[in-house]
1. Per-residue counts of other Cβ atoms within 10 Å, averaged by peptide: what ranking do you get for B:78-86, C:33-41, highest first?
2. Please find the FRET efficiency linking C:Ala236 to B:Leu108, where r is the Cβ-Cβ separation and R0 is fixed at 56 Å, and quote it to the nearest 0.05.
3. Just the number, please: buried accessible area between A and C, total of both chains, 1.4 angstrom probe, nearest 100 square angstrom.
4. Give me the accessible area of A:Ser43, 1.4 Å probe, in Å² rounded to the nearest 10.
5. With the solvent-accessible surface defined on protein heavy atoms using a 1.4 Å probe, which residues belonging to the range C:167-184 display a reduction of at least 20 Å² in accessible area in the multichain context relative to the isolated chain?
6. Tell me, what is the Rg over Rh of chain A, with Rh the Kirkwood radius over Cα pairs?
7. Averaging over every viewing direction, what projected area does the convex hull of the Cα atoms of the range C:104-191 cover, in nm²?
8. Just reorder C:Trp112, C:Trp122 by solvent-accessible area, largest first, 1.4 Å probe, all chains present.
Amino acid sequence: MSEIHRLEARQVCCSRGDRELLRCLDVRLESGQLMYLRGPNGSGKTTLLRTLAGLLRAETGEIRWDGEPIQRIRDQYHADLLYLGHLNALKDDLNAIENLRMDAAVRGSSLDEQAAWQLLTDIGLRGCEDLPIKYLSQGQKRRVALARLWHSDAALWILDEPFSALDVAAVDALQAVIRDHLGRGGMAILTTHQEVELTSGTVCRVTLGGEIPEVRHV
Amino acid sequence: MFETLAWIIRRDVTIALRRRTDVFTTLIFFVIVISLFPLGVGPDLDTLRLIAPGVVWVGALLASMLALEQLFLADHRDGTLEQILLAPQPLSLLVIGKVIAHWLITGLPLVIMAPVLGLQYDLSGEALLVMLWSLLLGTPTLSLLGAIAAALTLGLRAGGVLVALLVLPLYIPVLIFGAGAVEATTSGLGGGAHLSLLGAILLLALLGTPLATAAALRVSSE
Amino acid sequence: MQNRLINWFKFSSPATFYPLAGRLAPIFWVVAVTLIAIGLYMSFFVAPVDYKQGDGYRIIFVHVPASWMSMFIYLIMAGWSAIGLTFNTRLSFMMAQALAPTGALFAFISLWTGSFWGKPMWGTWWVWDARITSELILLFLYLGYMALVAAIDDRRRADRAGAILLLVGVVNIPIIYFSVKWWNTLHQGATIRMNGQTSMDETMLLTMLIMALGFWAYSIAAAMVRVQSIILEREAGSTWAQDLIGERA
């Protein structure tokens, strides 16, 4: 992940139905930077995240990855991206190991059984590996979903409320993994009220909900 | 790339085997519909032999349509569809994987069951064989075409009924050649030409529909 | 070239197209009424009586142009959809949606008049003839499109989903038509060949063309009126629409 990447949003407007959610966002994120997205409910945080991930088409404006519009280099962009929405994207009828291996396969990488076991140990879910996901608690499900981060080599992480439903220990572990990711030159975009303490790099705060989005680099 | 395809098929088949009700409801629906016709038309074997190809094929059409709504819905609800859309590989390829799995789960059981039901209608061995072939070539096309409608109506309130409205007109060629193959065999003309056309339609559908389905999925999950 | 391109795209904005549609609609209404009036006069009083079918055949002056239009409109809608998906122009999707009810209407008229004609000619209201069956399927395709667009609340999704469906439909229509024809030739019996062999009188052909042109003008006029209300409905929040509503009030 030593390459330098950059993500730019130029004059991006998003709307949902007839309602304009977001007016003219201009923001730029580079390797090692973290972006917080804040705003009241319904201010378009998730919509913006989905737009940045390329799931939603921006009404106007353009999103560029390393200078190229993301629609044009979709496969390449998605290889560099890890997106985790508010849904866990886990199949209820499969167990944690199967889910993790399946997910890796969809992303085009592979995760052998041994590595999946190791991953479960890392996130503290050893002992639940044979249970179908539907028998796990909300917090445990979220942990399995977040386990993707532990073996991800994607440069850009887009995470929608990653800290919700997690206990204190899991929050600490997640903060650590995000910190390491940024330390290695990765980028992350989060919607959260939980701060991640950084050892290096800069933070960009975007606040939605006003007339135009407010962007502050710290 | 094809490894991912294999994984998707494996995943969906595994899930289906763990909750077998979905597989069985389609199959049981098919069996019941086919078994109702003699009750409505009367038990005269000559009449039954005459209507058998059409009845079995319309039954297969309705049964495979019934299962369509579920094709992408579960993945849409639990968020795995988003991950599939964000996979760094051609979406149409992953769509083919989904459709193959869907056919294995809902189409293949119908194909296997159909000759047994054909016996209820006193079809000859040769006709049963042709029926098996026609369903084997035709039902994958139904799944491929149906995937477009399933993707277009993803998550809509009137999803189920709407799928029927969208997809039934598109099914007509498959119905005509599928039932035609069996009928041509029973009337002594031979069903070869029909089967070749079914094969040709399947190839066309395999080339064209995944692109349309992929485009529809992107539109519907916006 | 550059200039012409800019001009074309200028009218692809709903705000500039709205007044244009308003100016075009009355012109096409007049053309439509005039041509249809002439066409109907010719079909009832000028066209000669058919020596085999008597006066009843005159319904084909409505039936045939209506069938033509129903197919033609579907193609136009698919064309608009292709343009909309390629260039991302909202107006193209609106045009497709504005045309759909007219297309469905012509498909329905074609079936209805066909059945009216069938009763005296063949002694039955409905014949599973290849052309009539295809027309019925075309009507289903129209209904499916309209139902899909109506079922989706999000307009952007409705536009694009409808467009994809139209393109899928247009690719399928030849296959469907071919298969229905094949099916029909294998089940020969009830069908009577309608034309092809019988040579058509020149006045009959002319009348049919006038009627077709009249229907064509009607389609444009109806589409313009409909597209105006679609534009207004969608752009209700924009400043230009607010100004317009203010002016009217």
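The values are calculated or read from the model by the stated rules, or taken from the named source; none is laboratory data. Keep in mind the model is a prediction, meaning the values are calculated, not measured. All Cβ positions, even for glycine, are placed from backbone atoms using ideal geometry, and neighbour counts span all protein chains on display. SASA here: full protein model, heavy atoms, side chains in, ligands and nucleic acids out. Shrake-Rupley method; radii C 1.70, N 1.55, O 1.52, S 1.80 Å.
1. My ranking of the peptides, most packed first, is B:78-86, C:33-41.
2. Calculated transfer efficiency: 0.65.
3. Buried area (both sides, nearest 100 Å²): 500 Å².
4. Surface accessible to solvent at A:Ser43 totals approximately 10 Å².
5. Those residues are C:Val168, C:Asn172, C:Ile175, C:Ile176, C:Phe178, C:Ser179, C:Trp182, C:Trp183.
6. With Rg and the Kirkwood Rh in hand, the quotient comes to 0.96.
7. Mean orientational projected area (the range C:104-191, Cα hull): 6.2 nm².
8. Final ranking, largest accessible area leading: C:Trp112, C:Trp122.
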